[in-house]
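Just dropping this structure here.
The values are calculated or read from the model by the stated rules, or taken from the named source; none is laboratory data. Quick caveat, the model's predicted, so the values are computed rather than measured. Every residue, glycine among them, receives a Cβ derived from its backbone with ideal geometry; neighbour counts consider all protein chains shown.
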Amino acid sequence: LHQQQSLIIMRRHIFIFLAVILSASGNSQVFTQYEHKGMSLIINPGDNQGLNCSHSIPSYFMILWYQKFPGNTSLNLIGYVTNTNPTVESSFKDRFTVSGNGAKQSTLHLGKLKAEDSAVYYCAASQTQCFKSPPSNTKTSCLQLY
């Protein structure tokens, strides 16, 4: 009975972990990972939460956000901010937003959380190269460099 009650209590909370990945220039990548403030966040379903990420690498103008479920090796791209232009993938647009300045910091806003959102959330700083598309030079495109 006690074990069963613990499972019910656990289902009422959402667990979120934050780790940061900073990629080094060149072909190799260096990964730095930590749990947000040394502990996991426990959030009630329906709550909203903001996760913050910052870096101080002068030539990096993009911060990307990823979601990784326990027991799964793949990372799901949630969205990113290049300079001050945020983009969120269509499968996350209904409840997640991204804000900030990719050259310094970004916040992933998680809205109306569900138990299914329990995951490790990663942010990554990256170099980008932006250019105007000819002939009108009105559309800006950015290329992510690794």
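Filter segment 90-109 down to residues that are in contact with a Gly (Cβ under 8 Å, 6 or more places away or on another chain) and over 20 Å from S59 (Cα atoms) and give me whichever is surrounded by the most Cβ atoms within 10 Å (Cβ to Cβ).
Out of the qualifying residues, it is L108.
In segment 71-89, what count of residues is obtained for those that are surrounded by fewer than 20 Cβ atoms within 10 Å (Cβ to Cβ) and among the hydrophobic types (A, V, I, L, M, F, W, C)?
The total comes to 2.
Kindly evaluate V88 against the criterion of being of a type in the set (A, V, I, L, M), in contact with a strand residue (DSSP E or B) (Cβ under 8 Å, 6 or more places away or on another chain) and without any contact (Cβ under 8 Å) to a residue 12 or more places away in the chain.
So V88 passes the test.
State all residues of segment 23-39 that are in a loop (DSSP other than H, G, I, E, B) and either surrounded by 15 or more Cβ atoms within 10 Å (Cβ to Cβ) or at pLDDT 85 or above (or both); if no residue qualifies, say none.
Scanning segment 23-39 gives a single hit, S23.
Take Y80 and decide whether it is modelled with pLDDT of 85 or more, in a loop (DSSP other than H, G, I, E, B) and in contact with a Ser or Thr (Cβ under 8 Å, 6 or more places away or on another chain).
So Y80 fails the test.
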